[in-house]
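The values are calculated or read from the model by the stated rules, or taken from the named source; none is laboratory data. Bear in mind that the values here come from a model prediction, so they are computed numbers and not experimental data. For neighbour counting, all protein chains shown are included, and Cβ atoms are generated from backbone atoms with ideal geometry for every residue, glycine included. What goes into the accessible areas is simple: the full protein's heavy atoms, side chains included, and nothing from ligands, DNA or RNA. Shrake-Rupley method; radii C 1.70, N 1.55, O 1.52, S 1.80 Å.
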Amino acid sequence: RLTDNRYGFVTLIARPTMWTAFIFLTSLFTCIFPFGNGFHIFRKKSSHRCISKYTIEVVQSSKTTLVSSSKSNDAEEIDSISGIRQWLIERFGCTEHQLDCVIQDKQYQKDDYSKLESRAIWLQERLCLNDNELNKLIQRSPIILARKPDTNLEPKFAYLQKRLDLNDFKLKSIIQRNPGLLGYSIEENIQPKLSYLQERLLFNETQVAKIITKQPTILNINLEEKLEQNVAWLQQRLDLSSAEESRIIWKMPQLLYLSISNSVEPNLDWLQNRLESSHLQTRRIVMRFPQILVLSIEDKMETTLQWLQHRLQLENNTDLANVIEKAPSLLGCNIGTNLEPTLDFCIEALGDEQEAIQAIKNFPPILSYSLEKRLKPRLKEAKKAGMVIDTDCLNRMATRTKPAWDKSITLYKAKQR
C-alpha cells in the first residue's frame, strides 16, 4: 500500500500479497542509495542562503523510509504564516518575540517566501549590508520584508537621500538604527516633521540633516502629541526665545521625545531645590548643559555635588550653585577617572592644595578638560620652556587652542634668548 503523509513524502509498507513489488522497489532503491534504517531527502540552502534553490541531502533516520516527492509541498508549508515565521527564524536568526508582528501583518499573509527572499536580497544590495548587518536589521524590524521595494522602500530611500542630502553610508546608518521609519508615510508623517524642525526651530537644511542623522528616532515621534508639546513646555518652563529653543534642542535633540513628566521636569525641579538656585540661574545652567535634564539624580548628580562640596571646601549651596553655573558639565563627569585625578594634577602642578582649590573655584571648567590629551602634555611643554607654573599658566594650558598654546610657547622661548 502506498500512503502519502502530510509532509509530501512517500511511505512504502509491504503486505504479503505484494512481496514481488516490494522486492523490486527495494532493489531499485538500494541501487541508488546505501540501504540502512531509512532515509530522508531534504532541501538544502545554497551558499547564498536563498531557500528558493534546492539540493538533495540524504540523512539517515531511525524511524521510517522517506523519499521526497517534490519541493512544491515544502513550499506550500513555508508559504503559510507559521512557515514564514520558521523561515525568518532560520534565515535571519529572529526570535519568536521579534516575530509577533508578523502574525498580524496582512502583507505577510499575502506574500510567499520567494518574494520575501528577493526583498531581502534587494535590501542587502541597496544598503550595502553584509550578512550580519542584514540579519540584525531584519531582527530589529522583521516587518521590513513586507514592504515592497518599488512602491515603498525605494521611494523613501530616494526621498531621504534627496531631502537630507545623504550619501549611501549615512542612509544605511539611519535605516540600521531606525528601520521603523520605513513604515511611515512620506507625505503624512516624515515631511511634516522635517518641516517642523526647519520652520519652528529655525534649523537650516544642513542642521536638520545632522539632527536626523544623530537622532533618527525623532521621525517616529508623534508631531502634535509629543514634539510640539515638548517644545512648548521647554519654552514656557525656561522662558526661552525661539533662538534659545533652537540652541538647546541642537545641543540635545533627545528633548524632542523624552518624557517631560517622568524625566525632564523632575530633574529640573530637583536641581533648583538642591542648589537653592534662582530661576534665572537654573535657566543658565540648563542652557549650557541640557544633559542635566536626563542624568540620574541619585547615582550621578547628588554624588557629584557632594564630592564638589567636600573637595572644593564649599561652605553652602550658594557657593555650590556658582560652581555649577560656571561649569554645569561637571555633573556629567566621572569622579574616579576625571574629577579626582584632575584636582590632584592641579595640586601637584601648583604645589599648594589651597591655591589649587581656589584656582578651581575661580575657574571650575578646568576640571572637565582632558588630563592625558591636554593638561599633562602642556605642563610638560611649559616646564621645558622654563615657564612659571602659576594659576594663570594653568588656565592658559586648559583654555587655549593648540595653535594659540604653541604660539605662546614659541614667544616665551624667544623672550628668554
> How many residues does region 123-153 hold that are open to solvent by 70 Å² or more (accessible area, probe 1.4 Å), part of a helix (DSSP H, G or I) and farther than 23 Å from GLU187 by Cβ?
Replying inline: 5
>> If I filter region 219-272 down to residues being in contact (Cβ under 8 Å) with a residue 24 or more places away in the chain and open to solvent by 60 Å² or more (accessible area, probe 1.4 Å), which single residue comes out as nearest to SER185 (Cα to Cα)?
In response: GLU228
> From the set of residues in region 301-313 that are in contact (Cβ under 8 Å) with a residue 24 or more places away in the chain and open to solvent by 20 Å² or more (accessible area, probe 1.4 Å), which is nearest to ARG283 (Cα to Cα)?
Replying inline: GLU302
> What is the number of the single condition among (1) open to solvent by 50 Å² or more (accessible area, probe 1.4 Å); (2) under 22 Å from LEU293 (Cα atoms) that ASN204 does not meet?
Replying inline: (2)
>> Here is a check on your reading of the model: is ILE360 surrounded by 19 or more Cβ atoms within 10 Å (Cβ to Cβ), in contact (Cβ under 8 Å) with a residue 40 or more places away in the chain, closer than 30 Å to LYS407 by Cβ and not charged (D, E, K, R)?
In response: yes
> Can you pull out the residues in region 67-113 that are modelled with pLDDT under 85, open to solvent by 20 Å² or more (accessible area, probe 1.4 Å) and hydroxyl-bearing (Ser, Thr, Tyr)?
Replying inline: SER68, SER69, SER70, SER72, SER80, SER82, TYR113
> Out of curiosity, is LYS170 at pLDDT 95 or above, surrounded by 14 or more Cβ atoms within 10 Å (Cβ to Cβ) and in a helix (DSSP H, G or I)?
Replying inline: yes
>> So, restricting to helices (runs of 4 or more DSSP H) that lie completely within region 201-296, which ones have at least 2 residues that are hydroxyl-bearing (Ser, Thr, Tyr) and closer than 23 Å to ARG177 by Cα?
In response: 205-214
> Are there any helices (runs of 4 or more DSSP H) wholly within region 335-417 with 3 or more residues that are among the acidic types (Asp, Glu) and under 27 Å from LEU308 (Cβ atoms), and if so which?
Replying inline: 340-350
>> With the requirement that a residue be among the aliphatic types (A, V, I, L, M) and within 24 Å of GLU340 (Cα to Cα), what does region 389-417 give you?
In response: ILE389, LEU394, MET397, ALA398
